[in-house]
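The values are calculated or read from the model by the stated rules, or taken from the named source; none is laboratory data. Bear in mind that the values here come from a model prediction, so they are computed numbers and not experimental data. With ideal geometry, Cβ positions are generated from the backbone for all residues, glycine too; neighbour counts draw on all protein chains shown. Note: accessible area is taken over every heavy atom of the protein model, side chains too, but ligands, DNA and RNA are not part of it. Shrake-Rupley method; radii C 1.70, N 1.55, O 1.52, S 1.80 Å.
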Amino acid sequence: DKQIEKYLDDAHSLKIFGCYAQTELGHGSDVQSLETTATYDPATEEFTIHSPTISSTKWWPGELGVFATHCVTHAQLIVMGVNYGVQTFIVQIRDVETHQPLKGITVGDIGPKLGYTTKSITVGDIGPKLGYTTKDNGFLRFDNVKIPRENMLMRYAKISKSGEFSKAANEKIAYATMLMVRMGLLEEAYKFLSSAGTIALRYSAFRKQFRDEEGQERVILDYQLQLNKLVPILANTYAMNATYKKLYNGYHDMMKRINEKQDFSTMNEFHSILAGCKSFWTWDALNGIEVCRQACGGHGYSSYSGIPLLFDGYGPAVTFEGDNTVMALQT
């Protein structure tokens, strides 16, 4: 609550900008193997945040390349030689007045990626990529950066001034944030797929090809092959929509149980459900968008149709916030 009081007003007034710096060059889904360290010194009541290896470089954080002045980062907590696992810390990375990186902070460009070219590369920006082009991704390294003890997020895990570590009754509470993000991906899945399906169905309803026995041109939606492509996508969109509403209520019921009663009884089941939905919904949505593009023939290949933009924009969803193959195995 003290941290909320300290940072929230400045964030709302846009004096400071935050980013979520978890993924590293060497590890993504395997959070427990992150290499960034946070070493606590009871004498000074400070943490030293450090990137000890090349692979410990924070890689891909959104809003890092240009905008962020602060980050919430994950690091291995080390106290008097004992490793207490990955914990979460707030680190200021840029001066709020000059917007220049602070001492010990390194940000930079990782070079171009497939599919999109920007007009310029800015410090901290990881360059063009396939889709999700408005996201300001970047990389970050710490060189023995000092932060006060109060910068550790301590609602569920705490460290005393003397260096004594204590944690929540259920460590999985920290996973609730990731579940919320995956809920957002499920909402995007049916919205992106419904947009592509709407375009393809409307196009098919007026696009005419070939004449029937009476010499009248037929709309392509009359053909069984076109229906076989698009009707399952329409049905899938409705199913995703209805299921999402059920999951949305379930998620908020789970969080209410946790916050009011410390009741984690539904979290494991909800994680399994969302892991499966995240993988299969994003696969289905991305494949469905491509089917819609093909169903529109050459016009679907044109950016004027809107479908290529949907494909590019949704493409990363099968990879970020948990690799789909890994997610499917957790169902």
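Given the condition in a helix (DSSP H, G or I) and out of contact with any Ser or Thr (no Cβ under 9 Å at 6 or more places or on another chain), answer yes or no: does some residue in the stretch 211-218 qualify? Within the stretch 211-218 (the criterion being in a helix (DSSP H, G or I) and out of contact with any Ser or Thr (no Cβ under 9 Å at 6 or more places or on another chain)), the answer is no, since none of the residues qualifies. Can you confirm whether the stretch 231-248 contains a residue that is in a helix (DSSP H, G or I), over 25 Å from Glu290 (Cα atoms) and not charged (D, E, K, R)? Yes, that holds for at least one residue. Evaluating Gly163 against the criteria (1) open to solvent by less than 70 Å² (accessible area, probe 1.4 Å); (2) at pLDDT 90 or above; (3) over 22 Å from the mean Cα position of the chain (by Cα); (4) within 16 Å of Val72 (Cα to Cα) leaves one unmet condition, (4).
Of all residues in the stretch 256-268, those that are within 21 Å of Gly322 (Cα to Cα) and either surrounded by 12 or more Cβ atoms within 10 Å (Cβ to Cβ) or modelled with pLDDT of 90 or more (or both) total 2.
Okay, residues lined up against (1) outside any strand (DSSP E or B); (2) in contact with a Pro (Cβ under 6 Å, 6 or more places away or on another chain); (3) closer than 16 Å to Phe139 by Cβ:
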site: Tyr7; (1), (2), (3): yes, no, no
site: Tyr40; (1), (2), (3): no, no, no
site: Leu64; (1), (2), (3): yes, no, yes
site: Phe67; (1), (2), (3): yes, no, yes
site: Thr73; (1), (2), (3): no, no, yes
site: Leu77; (1), (2), (3): no, no, no
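Taking first residues from the stretch 186-213 that are more than 18 Å from Tyr314 (Cβ to Cβ) and open to solvent by less than 50 Å² (accessible area, probe 1.4 Å) and partners that are outside any helix (DSSP H, G or I) and not basic (Lys, Arg), the Cβ contacts under 7 Å between residues at least 6 apart in sequence or on separate chains come to Tyr203/Cys296; Ser204/Val219.
Mind listing just one residue for me: the one in the stretch 41-61 that is of a type in the set (A, V, I, L, M, F, W, C) and in contact with a Ser or Thr (Cβ under 9 Å, 6 or more places away or on another chain) and, of those, most open to solvent (accessible area, probe 1.4 Å)?
Among them, the one singled out is Trp60.
Does Val86 qualify as being of a type outside the set (D, E, K, R) and part of a strand (DSSP E or B)? Yes. Candidates in the stretch 281-322 are the residues that are of a type in the set (Asp, Glu) and open to solvent by 60 Å² or more (accessible area, probe 1.4 Å); of these, the one that is nearest to Glu24 (Cα to Cα) is Glu321. For Gly215, the conditions (1) small (Gly, Ala, Ser); (2) modelled with pLDDT under 90; (3) touching a Gly at 6+ places or on another chain (Cβ under 7 Å) are fulfilled apart from (3).
For the residues Leu77, Leu64, the requirement of being more than 20 Å from the chain's Cα centre (by Cα), open to solvent by less than 70 Å² (accessible area, probe 1.4 Å) and in contact (Cβ under 8 Å) with a residue 60 or more places away in the chain singles out Leu77. Of the residues making up the stretch 4-40, just one is in contact (Cβ under 8 Å) with a residue 60 or more places away in the chain, open to solvent by 50 Å² or more (accessible area, probe 1.4 Å) and touching a Lys or Arg at 6+ places or on another chain (Cβ under 9 Å), namely Leu25.
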